[in-house]
Structures are given as structure tokens and as C-alpha cells.
Amino acid sequence: MNKRWLATCGFAAILTAAFFVTGSSAEPNVVTKIADGVWFREGDIKGQGHCNNTIIEMKDYLVVIDANFPSGARAVLADAKKLSPKPVKYVFITHHHGDHDYGSAVWTEAGATTFAYKGVAEELARYEPNRWQDTAKTRKDVGELNRTAPEMPKETFDKSPYILKDSTREIRFYHLGWAHTRGDGFAWLPKERILASGDAGVNGAFNYTADANIGNWPKVMEAALKLNPLHVMPGHGGPGGPEILKGQAAFMTDLVKAVSAEVKAGKKLEELVTMKNGSPTATSITLPAEVKNWVGGSLPTQVADAYREISQKQPNGAIPHK
């Protein structure tokens, strides 16, 4: 998720009461049934910075995709109790960003085990202590935990897929490569053909590229599409189908293509991006209408990140940054 954008958002909004619907559409704080025993909860990104969550029912317990911020974790936990009397046993963290991870301690205190691909733990150690401390100054739900860093996943895996299976359902957890972050994880339900994509696949203008491998991102989407998903549960934005992954790939492809052409033409970054107080505020780069769903106020920052990646010939996330 784009923390540069999140930093400008207010988090004083009161969480509205969740209610349950059946169908493919969703809205913030609403739980949508996707299949028997599988629910999608869209987070209130604008009001509280929350990510989306998927809740999956197993024979004796529930699995939740992403830990959310602490306030989001509490809201999801409350909704899970409305859905089923079964306990949340596992919480899978798709990546290290605060809106997907900082609620981990809430879940473990409730008795759940958090787990992730090993790259998530590595990125947490690399970036998140400082980011946590900065976030704690502006977010009450983070600050009140009185921690100096986010809680690490209780378990990690290094071989993909990692599988949870019982007599009722199978969930496969994949790492398909570096896209949004080095540790990007996906949760795949093969029988139901449901894919939870984290922020590697979002439905809207929510792409945060500071920790990304922008050029490799489309390849990760191609790998996810090979699973042949029918339903895609994005990290942000409403649920949909494989068009989310295709659009995400197209956006990154078009971004790299447009910026590469300018780099090849000898353009300097300041010719492409207008800066104000050290932050990109506007860009001369335009992208095709076909990817407008993913184009928003962060495009100048995405252009700057792509420019650095292309000109320095390494993933933008590998270039030293905070």
C-alpha cells in the first residue's frame, strides 16, 4: 500500500458497523461471501488505512489473510466471530507493510499463529522498526501497543507452496517472485479457484513502489494467472476476477515502457516529474486509458521510482531508502 499517500490521510474516522452480503461487490467494512466458508472483507483504506482481509473456514478453525493495522485486526476478529464460532488459528501475512502486518500482536494475543514467507520476516527486520516508530507517532492504534518494532511472524516457510489441508479444504501459500515487495505472498484455494493476492495485485490506484521490483512485477502476475483463478481477493479495492491481475500487469508494463522511452531519449528525472519539498507532485508521463483504474495521485512517485529502477539498472526496492 502507498504509505506516502497514507501519510496524508486522517485516521480519526470511526469504524462503521460491518454487515454481511452475498455477491461479488464489496465496500469498506462489509463482509462478502465469495464461496461456502470463504469471505472477503474490504478494509477502510481512506478512513483508517486498513487493508482487505479474506477469512477462510477450515474444519476446526479459521484462517485470516493479513494482520492489518491493530484497529483493523480487532474489527476483522470481531467479524470472524460473527461468521463462525471457530477460533482464528492462523493469520497469513502477505508482506511486511504496516497496513498488512502491524496488527500481528493483536492476533497472537487472541491465540492465533502468524506466519509468512521468509522474505516477509527479512523485510520486516530491514525496514519496519523505523517505520513502526514513525507510524506510532501518528496512529493511536500502533502507539498504544507500546512496542519499538512490529511483532515478527511466529512461523515462516521457504519452500513454495506451503500447504494447510484438512478434510474440508486445502490452502496453498505461494511466493511467486518480487513484485510489490521481496516477500510477496499469495494464498490459493485450488478447489474454489480463489486467490488472495495481497498488494502484488490491487484493484485500483493503490500501488506503492518504493520497495518494489517494478520491471519484474508483470512476471509475478503472469505466474499468478497460471494458477487460473476465478476469484481474486486484492489487498486493496473490491474483489473481482483475473482481470485484476491482468490490469495490474498492464499498468506496470505501461509504466516501464513510458519511462524507459524517456530515459532512452536522455531525459532527466526533473524533466518528467515536478518536485515540491522533495516529493513528486506532478508528471508529464501519461498512461493508456486501458489502465486508468490503476492511475491516481501516486503516479508522479511511481514514475520517479521507475526512473530510478531503469536508470540504475536494479530493482527500485534494492536502491537504499528508508
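Once the Cβ-Cβ distance between residue 86 and residue 321 is put in as r, and R0 is 30 Å, what FRET efficiency do you end up with, to the nearest 0.05?
Here the calculated transfer efficiency is 0.15.
Please work out how much length the chain gains when fully extended from residue 246 to residue 160, using 0.36 nm per residue of separation minus the C-alpha to C-alpha distance, in nm with one decimal.
Stretched fully, the residue 246-residue 160 segment lengthens by 28.7 nm.
Expressed in nm to one decimal, what extension gain is obtained for the pair residue 314 and residue 130 from 0.36 nm per residue of sequence separation less their Cα-Cα distance?
So the chain would gain 63.9 nm between residue 314 and residue 130.
Just for the chain, what percent of DSSP beta bridges are antiparallel, to the closest 5?
60 percent
Going by how many other Cβ atoms sit within 10 Å of their own, how do 260, 279, 197 line up, fewest first?
Ascending Cβ contact count within 10 Å gives the list 279, 260, 197.
Name the lysines eligible as straight-distance cross-link partners of residue 292: C-alpha to C-alpha under 16 Å, and not fewer than 8 places from it in the same chain.
246, 257
Beyond 25 Å between alpha-carbons counts as too far, so tell me which of 219/267; 46/118; 268/313; 46/219; 118/165; 89/191 fall in that bin.
219/267; 46/118; 46/219
Long-range amide H contacts for residue 30: which residues qualify at under 5 Å (H placed 1.01 Å from N, peptide plane, sequence gap of 5 or more or a different chain)?
42
Spelling out what I want: for every residue of the stretch 52-63, take phi, set θ = phi - 60°, compute 6.51 cos²θ - 1.76 cosθ + 1.60 (Karplus), and round to whole Hz; glycine and proline get x.
Calculated HN-Hα couplings, in order: 7, 9, 10, 10, 10, 8, 9, 4, 10, 7, 10, 10 Hz.
Would you mind getting me the FRET efficiency between residue 27 and residue 268? Use the beta-carbon distance for r and R0 = 51 Å, nearest 0.05.
0.75
Taking only complete DSSP H runs, can you tell me which helices of the chain stretch 24 Å or more along their own long axis by Cα positions and average at least -1.0 on the Kyte-Doolittle scale?
Numbers: long enough: 118-136 (25 Å, -1.34); 243-264 (31 Å, 0.41).
What comes out of the filter, once short or polar helices are dropped, is 243-264.
What list of ³J(HN,Hα) couplings, whole Hz, do you get for the stretch 195-212 from phi and the Karplus terms 6.51, -1.76, 1.60, once you set θ to phi - 60° and write x for glycine and proline?
Result, ordered by residue: 10, 9, 9, x, 8, 5, x, 10, 10, x, 7, 10, 7, 9, 10, 4, 9, 8 Hz.
Helix-only mean residue ellipticity at 222 nm, the chain, DSSP H runs n ≥ 4 weighted -39,500 (n - 2.57), per residue, nearest 500. What is it?
-9500 deg cm²/dmol
Which residue fluctuates the most in the chain, going by a Gaussian network model with Cα springs under 10 Å, if the choices are 209, 54, 148?
Of the options given, 148 has the highest mean-square fluctuation.
Output needed: percent of Cα pairs per 20 Å distance bin for the chain, bins running from 0 to the one holding the longest distance.
Percent of Cα pairs in each bin: 35, 58, 7, 0.
Using the 10 angstrom Cβ neighbour count as an exposure proxy, how do 94, 301, 281 rank, fewest first?
On the way: 94 30, 301 21, 281 12.
In order of increasing Cβ crowding within 10 Å: 281, 301, 94.
Which whole-number percent gives the relative contact order of the stretch 182-270, counting Cα pairs below 8 Å spaced six or more residues apart?
Dividing the mean separation by the residue count of the stretch 182-270 yields 30 percent.
Remind me, relative contact order of the chain in percent, using alpha carbon pairs under 8 angstrom and six or more residues apart?
So the answer I get is 13 percent.
What list do you get for 286, 114 if you sort them by fewest beta carbons within 10 Å?
Neighbour counts put them in this order, fewest first: 286, 114.
No value in this document is a laboratory result; all are computed from the given coordinates. In this text the structure is predicted, and so the values were computed from the model without any measurement. Quick reminder, even Gly has a Cβ in these numbers, built from the backbone with ideal geometry, and neighbours come from all protein chains shown.
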